[in-house]
Number of protein chains: 2
Amino acid sequence: MMAYRPDGAPSTDDFGAFLPGPRLTMAGASEGPLAGLSFAAKDLFDVAGHVTVCGSPDWGATHPPAARSATVIEKLLAAGGSLAGKTVTDEISLGLLGRNRHYGSPVNPRAPDRYTGGSSSGSAAAVAGDLVSFALGSDTGGSMRVPSSYCGIYGIRPTHGAIPVAGLMTQAPSFDTAGFFAADPEIFARVGDVLLPDASLGEIEEVIVAEDAFGAADAAVSAALKPAIERIATLIGASRTEIVAAEGLRVWNEHHCFLQHPEFARTFGPWVDAIDPRLSYDVAKTIANARGLPDAPKRAAEAFRPLVRERLDALLDGRRVLCLPTTPTTALPRDLSLSATGEACDRIVDLTCIAGLTGLPQISLPLATSGGLPIGLSLIGWRGSDLTLLDLARRLGSPQ
Amino acid sequence: MMAYRPDGAPSTDDFGAFLPGPRLTMAGASEGPLAGLSFAAKDLFDVAGHVTVCGSPDWGATHPPAARSATVIEKLLAAGGSLAGKTVTDEISLGLLGRNRHYGSPVNPRAPDRYTGGSSSGSAAAVAGDLVSFALGSDTGGSMRVPSSYCGIYGIRPTHGAIPVAGLMTQAPSFDTAGFFAADPEIFARVGDVLLPDASLGEIEEVIVAEDAFGAADAAVSAALKPAIERIATLIGASRTEIVAAEGLRVWNEHHCFLQHPEFARTFGPWVDAIDPRLSYDVAKTIANARGLPDAPKRAAEAFRPLVRERLDALLDGRRVLCLPTTPTTALPRDLSLSATGEACDRIVDLTCIAGLTGLPQISLPLATSGGLPIGLSLIGWRGSDLTLLDLARRLGSPQ
């Protein structure tokens with residue numbers, strides 16, 4: 001049983017990024033493209049011989065040590081990266097803010113009174129706090145993108161299926177992806193070369209600014225991102241504005257949830273039923289509501305998803321990228337009530353559902369601040385454009 | 001932070017009845033009707049200077065020590081009873097089985113592989129295990145009656161309002177009652193004399209056997225209770241059979257829930273919202289569902305309650321008692337899944353809702369076993385007949 005760190009007072013020597021107790025470390029190969037770099041891994045990734053706790057003491061207590069390490073961890077070690085520790089995650093990956101009532105909510109190194117974003121909270125804090133060179137996270141509904149934006153670092157949710165998820169805790173398989181953070185765009189791209197060896201480098205011909213996505217963000221956030229958009233448009237040489245979701249982004253959000261929620265209810269339902277775990281209220285409520293969802297909206301969402309995939313595939317057409325705010329606001333304060341954070345999460349998913357529903361890759365770039373806090377600008381590329389997006393991040397250079 | 005005792009393996013030296021750590025004891029007055037008797041108190045009752053944890057570490061961590069002791073504890077101490085410790089309760093009193101994932105689920109002394117019933121689980125275990133002479137519990141939806149039946153002891157849910165609830169954690173105020181358990185009917189009645197000084201002794205002229213309530217119980221349970229019913233009918237001298245709920249007991253159950261659940265949602269909602277507590281899945285689900293209830297069924301239930309109160313007041317008419325099984329089954333096995341226990345609880349409330357909705361007093365008598373396990377026979381009396389019911393328990397003598 002690990003110590004309970006109240007939400008408001010995690011250990012600050014490491015931003016509460018790492019799991020309590022001795023760090024789980026593994027030395028990487030002495031040579032390779034990542035030699036000399038350290039990385040952290042969200043505690044949803046298996047390390048052989050160790051229990052993957054997934055941010056829940058009762059999950060940890062009811063699962064055996066992993067038989068082998070996650071594919072991505074093996075690849076990073078083989079490429080010379082060294083594992084510096086496993087990081088705190090929102091409980092069983094259900095959360096977008098970086099809250100964990102069992103192990104403490106990591107501190108945002110760029111804004112200590114605010115959340116890091118989640119669920120890849122500890123990995124983002126470790127990178128933003130300069131404790132590691134890069135870090136593994138995962139993204140089902142926004143778990144890479146939100147902490148990238150809140151903590152002011154680079155992060156990618158790859159094309160669905162492009163990075164192997166073997167050894168990553170399953171949440172909602174048709175949405176689950178493994179991603180990574182870095183503070184340096186050069187390292188960010190180098191990790192991509194290791195984890196996405198099959199991807200090809202393409203050419204971006206046009207930037208499409210998602211008018212409705214910018215409309216869904218706070219006006220100050222949209223304004224703060226404008227110079228960065230212009231920089232990218234100038235670099236690419238062509239841009240236009242378009243409404244992505246004629247139906248309204250909230251409708252996309254709802255369809256996303258009607259698909260994702262039954263999937264995680266299938267994943268976690270039998271465990272909950274057998275184990276009777278202690279959970280955070282919001283996690284339990286999310287699972288309970290998902291288990292109670294009627295069939296009709298699920299069927300509607302199953303019909304909706306291929307249509308919007310086709311639409312965005314046609315729009316991006318192997319040569320365009322969509323530009324949007326990563327999150328509608330900067331990092332949220334740590335003292336919000338659950339009802340306030342619930343409303344905030346609804347607004348976040350209005351933006352994160354676009355790549356989620358379509359399975360397209362998205363990178364978040366730390367190119368702006370608003371009110372002194374980081375805010376990410378996102379680019380969604382065509383299916384398989386991951387390396388092209390990472391290359392663009394490298395060309396845009398260091399954070400401004 | 002107290003140690004986590006997994007559900008299947010609580011400490012067995014005290015049946016896991018008492019809270020972990022040093023016992024909270026208080027010596028009673030040297031003279032009085034309860035002199036020389038020890039009692040336990042469910043950890044929903046305040047003791048001055050101590051935090052009432054209410055079965056939830058996060059409740060305990062977010063509430064100050066009680067300024068004064070609960071009225072009933074003061075009365076028992078003044079009457080000579082000595083407090084021997086505080087007992088485990090289902091988390092914030094929401095449960096009927098005796099499960100607690102934070103402090104362990106007490107062992108049923110009469111059936112170690114089965115639950116004690118709850119939420120007054122530790123108090124029932126302490127009495128059934130002969131660790132104390134009597135014990136305080138509370139009953140909102142069945143929390144005295146279910147453990148009385150499962151553990152084979154005497155227990156009372158008094159007339160609503162007859163025993164003061166000052167210093168008892170509020171759950172659903174229009175249902176909350178303070179009650180007590182004893183293994184000996186003489187002591188059971190003596191505690192009633194102390195806690196119900198204003199009640200008067202009346203005469204029971206007729207026993208009404210609730211046909212629908214017996215129909216809602218397992219056939220083996222109804223059959224096992226038959227000899228005890230006949231004994232009571234013979235003692236009283238007159239009996240007949242009647243259907244209590246023409247609408248069906250499940251309809252009464254639903255109306256009960258439509259009233260109770262919004263009340264506890266109002267009680268716990270602001271705390272949950274502010275504190276983000278760690279909860280058992282079922283507790284969180286129960287609160288979340290209650291907060292989401294629409295208004296129409298609440299209004300229907302508000303209209304329904306006075307009608308059934310009038311009906312039962314007319315039926316019992318200051319001279320009749322209603323006889324029913326306390327629970328539809330004997331104690332449930334400890335290894336059930338949450339979905340199985342959920343269905344079991346629905347069946348329990350079919351029976352416990354009768355006294356709950358009407359506010360009438362109910363005693364459970366340990367007068368039978370089924371398959372070697374205890375099963376309680378209940379009597380519901382007219383409003384204010386508490387001492388009359390306790391006197392009947394005394395006249396029926398020791399458990400058979």
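Read-outs throughout are calculated quantities, based only on the coordinates presented, and are distinct from any laboratory measurement. Note that the structure is predicted; figures quoted are calculated from it, not measured. As a convention, Cβ positions derive from the backbone with ideal geometry for all residues, glycine included, and neighbour counts pool all protein chains shown.
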Copy-to-copy label separations for A:VAL251, where each label sits 7 Å from Cα toward Cβ, in nm and ascending: 4.2
Less than 22 Å apart at the alpha-carbon level, and either on another chain or at least 8 residues along: which lysines does that give for B:LYS285? A:LYS285, A:LYS298, B:LYS298
With just the Cα atoms defining each centre, how far is the range A:289-363 from the range B:21-98? Give it in Å. 50 Å
Which residue is it, in chain A, whose C-beta lies closest to the A-to-B rotation axis, and what is that distance in whole Å? A:ALA284, 2
For chain B the mean separation of alpha carbon contacts under 8 Å (6+ apart) over residue count, i.e. relative contact order in percent, is 19 percent
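About its Cα centre, what dipole magnitude does the protein assembly as shown give when the only charges are +1 on Lys and Arg Cβ and -1 on Asp and Glu Cβ, stated in debye to the nearest 20? Intermediate results must be reported in sequence, preceding the final value.
Numbers: 66 positive and 86 negative charges, 71 e Å.
Dipole of the protein assembly as shown, to the nearest 20 debye: 340 debye.
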May I ask you to report, in nm to one decimal and beginning with the shortest, the distances from A:ALA78 to the same position in the other copies, taking label points 7 Å along Cα-to-Cβ? 7.9
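Once the Cβ-Cβ distance between A:SER337 and B:ALA78 is put in as r, and R0 is 56 Å, what FRET efficiency do you end up with, to the nearest 0.05? Write down the numbers at each step before the final one.
On the way: r = 42 Å, r/R0 = 0.75.
Efficiency at R0 = 56 Å is approximately 0.85.
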Give me the aspartates and glutamates in straight-line cross-link reach of B:LYS86: C-alpha distance below 16 Å, same-chain residues under 8 apart excluded. B:ASP13, B:ASP14, B:ASP43, B:ASP46, B:GLU74, B:ASP130
Rounded to the nearest 20 debye, what is the charge dipole size of chain A about its Cα centre when +1 sits on each Lys and Arg Cβ and -1 on each Asp and Glu Cβ? 240 debye
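Quick one: length gained pulling A:ASP346 to A:LEU293 fully straight, 0.36 nm per residue minus the C-alpha distance?
Working: separation 53, 0.36 × 53 = 19.08 nm, distance 1.74 nm.
Roughly 17.3 nm would be gained on extension.
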Inter-label distance for A:ALA274 and A:HIS63, nm, one decimal - labels placed 7 Å from Cα along Cα-to-Cβ: 1.3 nm
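Indicate, rounded to the nearest 5 percent, the antiparallel portion of the DSSP beta bridges found entirely in the range B:206-396. Don't jump to the answer; show the numbers that get you there.
Details: 11 of 19 bridges.
Counting only bridges with both partners in the range B:206-396, antiparallel ones make up about 60 percent.
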Here the whole-number average of other chain Cβ atoms within 10 Å per Cβ of A:52-63 is 1
Straight-line reach check, A:LYS75, cutoff 16 Å on alpha carbons, 8 or more apart in-chain or any other chain, hits among lysines -> A:LYS42
Which order, highest average first, do A:264-275, A:298-309 follow once you tally other Cβ atoms within 10 Å for each residue and take the mean per peptide? A:264-275, A:298-309
Relative contact order (%) - the range B:38-195, alpha-carbon pairs under 8 angstrom, separation at least six: 23 percent
Nm distances between copies for A:THR234, ranked from closest, using label points 7 Å along Cα→Cβ: 10.2
Treat the count of other C-beta atoms within 10 Å as a stand-in for reagent exposure and order B:ILE243, B:ILE204 from fewest to most. B:ILE243, B:ILE204
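Divide by every residue of chain B the summed helix terms, -39500 (n - 2.57) for each DSSP H run of at least 4, and state the resulting mean residue ellipticity at 222 nm, rounded to the nearest 500 deg cm²/dmol.
Working: 12 runs with 155 residues, N = 400.
Rounded to the nearest 500, it is -12500 deg cm²/dmol.
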Inter-chain shielding of A:338-346 (mean C-beta neighbours from other protein chains, 10 Å cut-off): 2
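Does the range A:261-400 classify as rounded, prolate or oblate by the C-alpha gyration tensor (a ≥ b ≥ c root eigenvalues; a/c under 1.5 gives rounded; else a/b over b/c gives prolate, otherwise oblate)?
On the way: a/c = 2.39, a/b = 1.35, b/c = 1.77.
In terms of gyration-tensor shape, oblate.
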Enter the mean number of other protein chain beta carbons within 10 Å of the beta carbon of each residue in A:279-290, as an integer. 6
Packing-wise, with mean Cβ within 10 Å as the measure, how do A:339-345, B:148-154 rank, highest first? B:148-154, A:339-345
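Highest mean first, how do A:350-358, B:313-321 rank when packing is the count of other Cβ atoms within 10 Å averaged over residues?
Values: A:350-358: 27.0, B:313-321: 16.4.
Answer by packing, highest mean first, reads A:350-358, B:313-321.
With the Cα gyration tensor of chain B giving a ≥ b ≥ c as the square roots of its eigenvalues, does the rule (a/c under 1.5 for rounded; else a/b larger than b/c for prolate; else oblate) give rounded, prolate or oblate? Walk me through the numbers before you get to the answer.
Values: a/c = 1.40, a/b = 1.16, b/c = 1.21.
Rounded, since a/c falls under 1.5.
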How large is ³J(HN,Hα), in whole Hz, for each residue of the range A:379-393 in order, when computed from phi with the Karplus curve 6.51 cos²θ - 1.76 cosθ + 1.60 and θ = phi - 60°, using x for Gly and Pro? 10, 9, x, 5, 4, x, 8, 3, 5, 5, 5, 5, 5, 4, 4
